[in-house]
Amino acid sequence: MKKFAALLTLLLTALLCGNALASEPAAKEHAAHAGSHEPAAKITPEQALQKLADGNQRYVQQQMTGTKLCALSERQKLAGSQAPYAIILSCSDSRVPPELIFDEGLGEIFVVRVAGNVVDPIILGSIEYAAEHLGSPLVMVLGHERCGAVKATVETNGKAEGNIGSIVSAIAPALKASPKNDDKALFVEGVVNENIKLVKNSLTAKSKVLAELAKEGKLKIVTAKYDLDDGKVTVIDGLK
Ligand SMILES: [Zn+2]
């Protein structure tokens, strides 16, 4: 009987040690996903932008690790609080989900999505909440190629009916500011680019909270564009 108990103990020890060894590479890989779930206040805008660039590179190269940050242990760590290191204002387009294209998991990025990545008081309030109360040091206004909301604005000359009309009229200033181009596809891209720029400017023009945080150096705002073909996010107006 004693012999059996000893054998059982040996077997259990071997099993537990085996498990510990098996999980070691995964733990190392997770640690390599730099600064996961670090409080945002500890991260500079430069580091935040670098994390986004690194994540996008993993996505482009199809070497994603972000799902590790959706593990049960991560969910439990985040149940009581969050400290996302960046705020992403992006389009609702189903091909541009920020968590995937930046290869992130739970609690890492605060995402505000709306067709045409435009702003209104509710969108601004959401960004203010993340910047002021969660301490995120970076906002990225992320547009994308061949945006349907921008196309609709071009096709209706900035005047559409109903609720979609609200989105179109928010993009209309970019349409007016864009130089004419007989090539419709190129013209749409021009309006996409102009819209990204105008939205960035309106964040501080229309929000006292964001303007103050930016003035104090606690918040940086950058712009970027997503390429639907190769999956790359290119920073347009970066950190100065
Ligand atoms: Zn879009």
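Only the coordinates and a few stated rules stand behind these numbers; no lab work does. Everything quoted here is computed from the prediction, not taken from an experiment. In this analysis, Cβ positions are derived from the backbone assuming ideal geometry, glycine residues included, and neighbour counts consider all displayed protein chains.
Here the Karplus relation 6.51 cos²θ - 1.76 cosθ + 1.60, evaluated at θ = phi - 60°, turns the backbone of the stretch 131-148 into coupling constants of 6, 7, 9, 9, x, 5, x, 9, 10, 10, 8, 10, x, 8, 4, 6, 5, x Hz, with x for every Gly and Pro.
Note that the stretch 44-117 shows a convex hull volume over its alpha carbon atoms of 96 Å³ per residue.
With Rh defined as the Kirkwood radius, the inverse of the mean 1/r over Cα pairs, the Rg/Rh of the stretch 39-237 is 0.98.
Each part gets one Cα centre, and for the stretch 46-114 versus the stretch 172-240 those centres are 20 Å apart. 3J(HN,Hα) along the stretch 158-175: x, 9, 10, 7, x, 5, 5, x, 5, 5, 4, 5, 6, 8, 3, x, 5, 4 Hz, from the Karplus curve 6.51 cos²θ - 1.76 cosθ + 1.60 with θ = phi - 60°, whole Hz, x for Gly and Pro. Scanning residues 5 or more positions from ILE87 or on other chains, those with amide H under 5 Å from its amide H are PHE110, LEU138, VAL139, MET140, with H placed 1.01 Å from N in the peptide plane. Annotation note: trypsin sites (Lys or Arg not before Pro) in the stretch 178-235 located in DSSP loop regions with a Cβ neighbour count of at most 16 within 10 Å are LYS180, LYS218, LYS232.
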